[in-house]
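Here's the structure we're looking at; comments come further down.
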Amino acid sequence: MARRGHRPSQSTGNRPRFWGRHAVLAALANPDRQVRKLWGTREAIGALDLPPVIPITYADAADLGRLVPGDAPHQGLVIEVDPLDDLWLGEVLERGADDQRPLVVLDQVTDPHNVGAVLRSAAAFDALAIVTQDRHAPPESGALAKAASGALEVVPWVRVVNLARALEEIAEAGFWRVGLTGHTETLLSAALEGSAKTALVLGAEGEGMRQNTETHCDILAKLPISPRVESLNVSNAAAIALYAVAAAKL
């Protein structure tokens, strides 16, 4: 039976703060998200339909600025939340057993802006989930939620201890594992031919995928980028690859 991980308690120090209209509204709309506090200007809060259980503090823009990192575009809203419960990979794979939504697997991508942007693209192209390592991925944070623009609340994010073992489980669920790298002559379009369910595997910018991760892919492929550019940012590469998967199914 697939299980959902549970964090029985969270100290206040471990609670991230989100800011910005998209991140805040998406968190408020997510029934799985526990919002502990909300700060905002009277104008911004007045436009919201809030449940009565959330503690609200009215503040001016300058006060809100002191709750978030310098120059963060809070747009008059800041919330403090509990991190989402852990998801089990088997649970997510069962959920997508009867469709062809792609998976995105990130190998040691640690920049929260990149992971947030990948989540946003995953939402745009209706990905089943993103999968990362637990230790080598950023925690939920305001910067990540802002970059995700609400997608953190709608795209399942599975954290695993062993990525190689997770890729084996993904293969057993019927996914064709495509590792993106510049060190191959196979184009992504060719790698996707005939595949029904695709797991896109991407490594960190610069280092790329680790060798052990590459060996757990069914095929390695590259994007058809100009030789004038050595590589793309991982979030840009993920967006292009997700579009290619969607286009291949049309």
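Throughout, read-outs are computed from the coordinates displayed, never taken from laboratory work. Quick caveat: nothing in here was measured; it's all calculated off a predicted structure. Cβ atoms come from the backbone with ideal geometry, glycine included; neighbour counts cover every protein chain shown.
Quick notes on this structure:
- Using the rule -39500 (n - 2.57) for each DSSP H run of four or more residues, divided by the residues of the chain, the 222 nm mean residue ellipticity is -8500 deg cm²/dmol.
- Electrostatic bookkeeping for Val234 treats Lys and Arg as +1 and Asp and Glu as -1; over the other residues with beta carbon under 9 Å from its beta carbon, the sum is -2.
- Three-way shape call for segment 105-172 based on the alpha-carbon gyration tensor, with the a/c threshold at 1.5: oblate
- Compactness of segment 192-237, taken as the C-alpha radius of gyration over 2.2 N^0.38 Å, stands at 1.25.
- Summed residue charge, Cβ within 12 Å of Gly203's Cβ, Lys/Arg positive, Asp/Glu negative: -3
- Computed from the Kirkwood radius of its Cα pairs, the Stokes-Einstein diffusion coefficient for segment 91-250 at 10 °C and 1.306 mPa s stands at 103 µm²/s.
- Sequence-separation-based contact order of the chain, relative, with Cα cut under 8 Å and 6+ spacing, percent: 20
- Counting only the Cα atoms, segment 162-250 fills a convex hull of 91 Å³ per residue.
- Sorted on the mean count of surrounding Cβ atoms within 10 Å across their residues, most packed first, peptides 28-37, 177-186, 61-70, 45-54 read 177-186, 28-37, 61-70, 45-54.
- In the distance distribution for segment 57-96, Cα-Cα pairs more than 12 Å apart total 67 percent.
- Distance from segment 193-250 to segment 127-180 (C-alpha centre basis), Å: 15
- Per the Debye calculation on segment 86-142 with a single equal scatterer at every Cα and no solvent contribution, log₁₀ I(q)/I(0) for q = 0.12, 0.19, 0.24 Å⁻¹ amounts to -0.29, -0.71, -1.05.
- Listed by number, the DSSP H helices of the chain that run 20 Å or longer by alpha-carbon position along their axis and have mean Kyte hydropathy of at least 0.5 are 234-248.
- The antiparallel fraction among DSSP beta bridges confined to the chain stands at about 30%.
- For segment 28-175, share of DSSP beta bridges that run antiparallel, in % to the nearest 5: 30
- Segment 52-170 - Rg (one decimal) and Dmax (whole number), Cα, Å: 16.3, 51
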